[in-house]
Amino acid sequence: MTVRGLRALAGPVALALLGAAALSGCGVIPGTGPVRPVVEHGFERPLPIPPLAESRVEDGVRVFSLTAQAGEQEFAPATEPGTATPTWGFDGDFLGPTLRAERGEQVAVEVANALDEPTSVHWHGMHLPAAMDGGPHQEIEPGGDWRPEWTIDQPAATLWYHPHPHGATEAHVHNGLAGMFLIEDDATAEAALPREYGVDDVPVIVQDRSFDEEGRFRFEQDGAEPGELGDTILANGAVGAYHEVTTERIRLRLLNGSTARTSQFTVPGHEMTMIAGDGGLLPEPVGLDALRLAPGERAEIVLRLEPGETVRLRSAEADLGGVAVPGVMGGEAAFDVLELRADEELAPSPEPDWPESAHAEEDALHEQDVARIRDFTLSGREINGRRMDMERIDVVARLDETELWEVRSTEPIPHSFHVHDVQFRIVSVDGEAPPPELAGRKDTVYLEPNRRYLLLMRFEDYADAEHAYMFHCHMLLHEDEGMMGQFVVIAPGEDAPERLPDAGGHQHGGE
Ligand code: C2O
Ligand code: CU
Ligand code: CU
């Protein structure tokens, strides 16, 4: 058995130790290192806005290009000024440009791997053919490239992209590979929402990191729950960032891009109007005081500020819902993320006008259409008692069938359940209607331990027996250690193969 295997077996033991450490009030957990409190810094750097990716249109296809590369960036004041932290980024040192396309457009991305190990690029939240999905079967060798192409065929939404190499996703994302992919459509344009990119429509990628004495990212990979929790909070890669607000209303597209930390976002003194979740506009806007986002989840919120006002987006103590030792899981940390400084004079923002189509989009998902109900139990590093196997097909779904997935975590540790290809609707949580912030189309959901989540989804447009989509925990240590499965969508009358072809010789991190 490998070291990883032993660690997975040691899970319950480690959990018991965590409990003991918390009870003794000791900050150091045996075998796992210290729990670092989040350090706050002054908010003195303008929020970096990831550039909009350039594209060209060739034969009716909008073509982007992205190169995964190594670089370095300064993270002062978390590190000494002048310290260059080794990083990875797309087309730059850290993170990547924002891709933006319209619904209905055909897009292609020329992805190049300039790293010295295989990586992949997955389009998180995108409905597209499995062969274009960028999961662990589409790894790109060092020096290699890959050109997925597909038609954008889903409502406007804040999606993102990140690597998905087998067993190494946590490390690749932690090094800095991630970016946003925005889809726009007419319905959202009609809603009169703030939409000037980087001005009143602002991407905010929230991540945590820690640094060692030399200013390198600390990444211990010791298998300890819940994965790497950093003591420094980054907004679009900056420590202590502010954004100058010039309009009455500002729209923040929040992405929890952390590898392990679940955050509970608030803007003290203000109500947040949540307008969209993972997969696009909510059926109607929701006023919220706090919003929990697990790794991989997104939300769009609109804030209305008074002239001259300064407020902060904060991550408050998170209610992780029945998690043992929430302090160890990051639940007790509270810190500011981003400062918003409103100008003395603010340009008027139109009153948002909610489009009818925000409701219509849900119409394709009907409970009475459910053809199959499946159970998924998450425990240890397993889903239904199995760890990820690149060749095993865990679920065979049929094209144009609606399914109900009943998902449950049976251990008191956090999980963030994500399904590729589809946007699902949460029908219920323990038999009750979900809270309004979980009412829209979603691709990732935080699982409170020991609760039953019913997810309604439908597999449309793309059948391919030879290429799989993934479902997994989006806490990336969990994913890398095997908490992932594969599904294929096959056409009516077709048979699924017994096994999938292996991805090739470059699997790493697993056994
Ligand atoms: Cu965001 Cu399978 O991933
Ligand atoms: Cu995904
Ligand atoms: Cu998990």
A 1.4 Å probe over the protein heavy atoms gives the range 359-490 a carbon and sulfur accessible-area percentage of 40 percent
Alpha-carbon Rg/Rh ratio, for the range 195-347, with Rh computed the Kirkwood way: 0.99
Note down the nm distance, to one decimal, between modelled labels 7 Å out along Cα→Cβ at GLN221 and at ALA371. 4.2 nm
Looking only at the chain, where both bridge partners belong to it, what percent of the DSSP beta bridges are antiparallel (to the nearest 5)? 70 percent
Using a 1.4 Å probe on heavy atoms of the protein chains only, the accessible area for GLU149 in Å², nearest 10, reads 60 Å²
Stretched out fully, how many nm does the piece from ARG45 to GLN106 gain, at 0.36 nm a residue minus the Cα gap? 18.2 nm
Per residue accessible area in Å² of the range 195-347, where ligands, DNA and RNA are left out and the probe is 1.4 Å: 30 Å²
What FRET efficiency do you get for GLU80 and THR310 if R0 is 22 Å and r is their Cβ-Cβ distance, rounded to the nearest 0.05? 0.20
Mind checking the full-extension length gain between ARG392 and ARG36? Use 0.36 nm per residue of separation minus the Cα-Cα distance, one decimal, nm. 124.3 nm
What FRET efficiency, computed as 1/(1 + (r/R0)^6) with R0 = 30 Å and r the Cβ-Cβ distance, is obtained for GLU72 and ALA491, rounded to the nearest 0.05? 0.05
Expected output is a single nm value to one decimal: the length gained when fully extending between ALA131 and GLU213, i.e. 0.36 nm times separation in residues minus the C-alpha distance. What is it? 25.3 nm
Listed by chain and number, the residues whose amide H is under 5 Å from that of ASN450, excluding neighbours fewer than 5 places away on the same chain and using placed H, are SER409, THR410, GLU411
Environment charge of ASP59, counting only residues whose C-beta is closer than 15 Å and scoring Lys/Arg +1, Asp/Glu -1: -1
GluC sites (Glu not before Pro) restricted to the range 466-502 and DSSP loop, no more than 11 other C-beta within 10 Å: GLU498
Under-5 Å amide H pairs with THR85, H placed in peptide plane, nonlocal only: GLN73, GLU74, PHE75
Order the peptides 291-298, 52-59 from the highest to the lowest mean number of other Cβ atoms within 10 Å of their residues. 291-298, 52-59
Inter-site label distance for LEU52 and GLU190 at 7 Å from Cα along Cβ, in nm: 2.3 nm
The range 45-190, accessible area per residue, ligands and nucleic acids excluded (1.4 Å, Å²): 33 Å²
How are the alpha carbon pair distances in the range 45-190 distributed across 5 Å bins from zero to the largest one, expressed in percent? 2, 10, 18, 23, 19, 13, 8, 5, 2, 0
In Å, the C-alpha Rg and Dmax of the chain are 21.5, 66
Tell me, what ³J(HN,Hα) does each residue in the range 476-486 have, in order and in whole Hz, if you take phi through Karplus 6.51 cos²θ - 1.76 cosθ + 1.60 with θ = phi - 60° and put x for Gly and Pro? 6, 5, 4, 4, 4, 7, x, 7, 7, x, 10
Carbon-plus-sulfur fraction of the accessible area of the range 195-347, 1.4 Å probe, in percent? 39 percent
Once phi is turned into θ = phi - 60°, what whole-Hz ³J(HN,Hα) does the Karplus curve with 6.51, -1.76 and 1.60 give for every residue of the range 420-431, x standing for Gly and Pro? 6, 6, 10, 10, 9, 10, 7, 6, 7, 10, 6, x
For the range 197-206, 3J(HN,Hα) per residue [Karplus equation, 6.51 cos²θ - 1.76 cosθ + 1.60, θ = phi - 60°, Hz, x = Gly/Pro]: 4, x, 10, 10, 10, 10, x, 10, 8, 9
Per-residue SASA entry for TYR242, accessible area with 1.4 Å probe, Å² rounded to 10: 40 Å²
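The values are calculated or read from the model by the stated rules, or taken from the named source; none is laboratory data. All values reported here derive from a predicted model rather than from experimental measurement. Counting neighbours? That spans all protein chains shown, and the Cβs are built from the backbone with ideal geometry, glycine included. Note: accessible area is taken over every heavy atom of the protein model, side chains too, but ligands, DNA and RNA are not part of it. Shrake-Rupley method; radii C 1.70, N 1.55, O 1.52, S 1.80 Å.
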